[in-house]
Amino acid sequence: MASASRHALIPKPALVHEEEGAFTLTPTTTLTAPPAFTRATTWLRGALGPATGCWLPPTGSDITFTQSPDLAREAYRLVVHGSGVLIESADPAGAFYAAQTLRQLFASPVYRTAVVGDGPWQIPAVTIEDAPRFGWRGLLIDVGRHFLPKADLLRYIDLMAMHKLNVLHLHLTDDQGWRIEIKQYPRLTEVGAWRDRTMIGNPLRPHFTHDARPHGGYYTQDDLRELVAYAADRYITVVPEIDIPGHSQAAIAAYPHLGVNGSTLPVQTTWGVCESILNAEDSTVEFYENVFDEVLELFPSPYICVGGDECQKTQWRTDPRTQELIRDRGLKNEDELQSWFIRHFDTYLSKHGRRLLGWEEILEGGLAEGATVASWSGMEAAVTASKLGHNVVTCPMAHTYLDFPESDHPDEPSAIGTPLPLEKIYAFEPIPEGLTEQQAAHVLGAQACLWTEHIDNIRNLDYQAFPRLSAFSETVWATPERDFTDFTARLDGHLPRLDAIGVEYRPAGGPRPWQTRPDRHQADPTT
Ligand code: TNX
């Protein structure tokens, strides 16, 4: 434990044993590895080279990667001694995580992108044995509410990899924006990716207003192929989300025939849950099958998220044609219609060898056979679904929503949710109480969520994400015991790494003075 604190390793490895001596990296240090581990070694060379000038030529074996089939999936053993480094893992992902840990053993300037000092680049002799607790170590980024430029998303993939996270849940569509190019339906991005203005502040508070700035953006299919490949090189799976049948107003704005009464709607400019919902015509289902055909081609992920959350069913309830469809299909009510929708895509996805992921509301009218459930309002849906034998991912908002403010300090920039301090996210336990061992095995893992209604730029994204994401990484990677004092001691050594990268995390002392709430500024009094 003491040496884990000394090396400030985050997430904390399962076992750290300090040895006598130290290893020094020099420009002549060599590296050898089996071809299967090339991704990890390519990454390591690119991670150590720029700041140290040591590029690890393959002409010797000072640093040796070997394949040890006895180790578990994603596990590694890392031994540093005076004359070299030995890394063992069964699979390439384990080798990659060992490489991440190895980088953390160096002083924090190793995270810079050019040589700013001469070293020496010395690391202490140590033996580390490590393996993840969960297979789903996720982060959701909502690029629908505010578009995040591709370069920033690539940077987040690197930050996730640094923390040994392995699932990027990309929330690509919502009422306020459609962010993925679909060749067959160009208006989804021509129209759906842009809005005229944006609500500032929380709709539940008395003083909200609008800015007067258009907002938008989208990823081309080549951008997405690049993101997926960049993530795969870092053992991160990108799980795309196309939200249906609610949260679809941007799509309806682009193609009004998808909506319930065919009337023209703008891309939504306010926050909160919209009334608009897709109609349940066969033609709409076919439209989305065509969309998903392109999505599947871009994203090799075994899981595809179809949303299913926060569907206001008023329009379905009051629309005669929808009521007729409900009767024709032998359904009882609107909840069953939603399940009919989701079941259709469950069948579609399993036909294509994929699995459906949906938010907990997909439980409402009966759960589709192959569905995995993301439990977000709390842990109840995780309990229900795992008792039904379905896999679940837990992301209860009170414990994992990084758009929630860190404190109730008036200068916190976020404007949604209740405070989620560092200590609370660090204490998060991904497995709900009251499950048998067999039911608990359905918990694939957990994810933190960066919803972006109130996060319109990368500086605020950094501020909301860190260091809470560092704490979260430990809840999904490390063994279940938690020691917040030990964590904060390691965090003291971890923050300089984030500084070296240029991450504008929230300092422990409180909000950065220039990051006051956006609704204090930019308000256009005429709207
Ligand atoms: C709930 S979580 C939502 C999101 C919001 C978020 C804000 C979920 C499935 N729906 O649409 O962005 O709260 O915290």
Test result for L325, of a type outside the set (S, T, Y), under 30 Å from P396 (Cβ atoms) and either within 16 Å of the ligand (Cβ to nearest atom) or touching a residue at least 24 places away in the same chain (Cβ under 8 Å) (or both) = no
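Yes/no matrix, rows are residues, columns are (1) closer than 28 Å to D175 by Cα; (2) touching a His at 6+ places or on another chain (Cβ under 7 Å); (3) modelled with pLDDT under 95:
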{"position": "L450", "(1), (2), (3)": "yes, no, no"}
{"position": "H454", "(1), (2), (3)": "yes, no, yes"}
{"position": "N460", "(1), (2), (3)": "yes, no, yes"}
{"position": "R468", "(1), (2), (3)": "yes, no, no"}
{"position": "E474", "(1), (2), (3)": "no, no, no"}
{"position": "P480", "(1), (2), (3)": "no, no, no"}
{"position": "F487", "(1), (2), (3)": "no, no, no"}
query = L258 fails exactly one of the following numbered conditions: (1) more than 16 Å from the ligand (Cβ to nearest atom); (2) buried (at least 22 other Cβ atoms within 10 Å of the Cβ); (3) under 27 Å from the mean Cα position of the chain (by Cα). What is the number of that condition?
reply = (3)
query = So which helices (runs of 4 or more DSSP H) stay within the stretch 343-456 end to end and still have 3 or more residues that are more than 15 Å from the ligand (Cβ to nearest atom)?
reply = 380-387, 422-426, 437-440
Per-region count, the stretch 305-322, residues touching a residue at least 40 places away in the same chain (Cβ under 8 Å), out of contact with any helix residue (DSSP H, G or I) (no Cβ under 7 Å at 6 or more places or on another chain) and away from the ligand (no atom under 16 Å from the Cβ) = 3
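One residue is enough: does the stretch 36-51 have a residue meeting the conditions at pLDDT 95 or above and outside any helix (DSSP H, G or I)?
Start the filter on the stretch 36-51 by keeping residues that are at pLDDT 95 or above, which leaves 36-51.
Now narrow it down to the ones that are outside any helix (DSSP H, G or I): none.
No, because not a single residue in the stretch 36-51 is at pLDDT 95 or above and outside any helix (DSSP H, G or I).
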request  = Answer yes if at least one residue in the stretch 412-435 is modelled with pLDDT of 95 or more and of a type in the set (G, A, S), and no otherwise.
outcome  = yes
message = Give me the residue from the stretch 99-113 that is surrounded by fewer than 19 Cβ atoms within 10 Å (Cβ to Cβ) and hydroxyl-bearing (S, T, Y) and, out of that set, nearest to L25 (Cα to Cα).
response = S108
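Given the condition more than 23 Å from the chain's Cα centre (by Cα) and not charged (D, E, K, R), answer yes or no: does some residue in the stretch 212-224 qualify? Let's see the steps before the verdict.
Taking the stretch 212-224 as the starting set, the residues that turn out to be more than 23 Å from the chain's Cα centre (by Cα) are 212-214.
After this cut, where a residue has to be not charged (D, E, K, R) as well, the list is 212, 214.
Within the stretch 212-224 (the criterion being more than 23 Å from the chain's Cα centre (by Cα) and not charged (D, E, K, R)), the answer is yes, since at least one residue qualifies.
If you check T270, T264, which single one turns out to be within 16 Å of the ligand (Cβ to nearest atom), surrounded by fewer than 21 Cβ atoms within 10 Å (Cβ to Cβ) and more than 30 Å from A95 (Cα to Cα)? Break it down into steps so the answer makes sense when it comes.
Working: T264 fails: within 16 Å of the ligand (Cβ to nearest atom).
From the options T270, T264, the qualifying one is T270.
Being buried (at least 21 other Cβ atoms within 10 Å of the Cβ), among the hydroxyl-bearing types (S, T, Y) and within 16 Å of the ligand (Cβ to nearest atom): is that true of S276 here? So that I can check it myself, show each step before the final result.
Numbers: buried (at least 21 other Cβ atoms within 10 Å of the Cβ): yes; among the hydroxyl-bearing types (S, T, Y): yes; within 16 Å of the ligand (Cβ to nearest atom): yes.
Here the answer is yes, as S276 does meet what is asked.
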task = For the stretch 75-98, indicate whether the set of residues that are closer than 29 Å to P480 by Cβ, aromatic (F, W, Y) and either surrounded by fewer than 14 Cβ atoms within 10 Å (Cβ to Cβ) or free of Cβ contacts under 8 Å to residues at least 60 places away in the same chain (or both) is non-empty.
result = yes
request  = List every residue pair whose Cβ atoms sit under 6 Å apart, with the two residues 6 or more apart in sequence or on different chains, where the first one lies in the stretch 358-369 and is farther than 13 Å from H344 by Cα and the second, anywhere, is of a type in the set (D, E) and within 13 Å of the ligand (Cβ to nearest atom).
outcome  = W359/D309; E361/D309
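The values are calculated or read from the model by the stated rules, or taken from the named source; none is laboratory data. Quick caveat, the model's predicted, so the values are computed rather than measured. For neighbour counting, all protein chains shown are included, and Cβ atoms are generated from backbone atoms with ideal geometry for every residue, glycine included.
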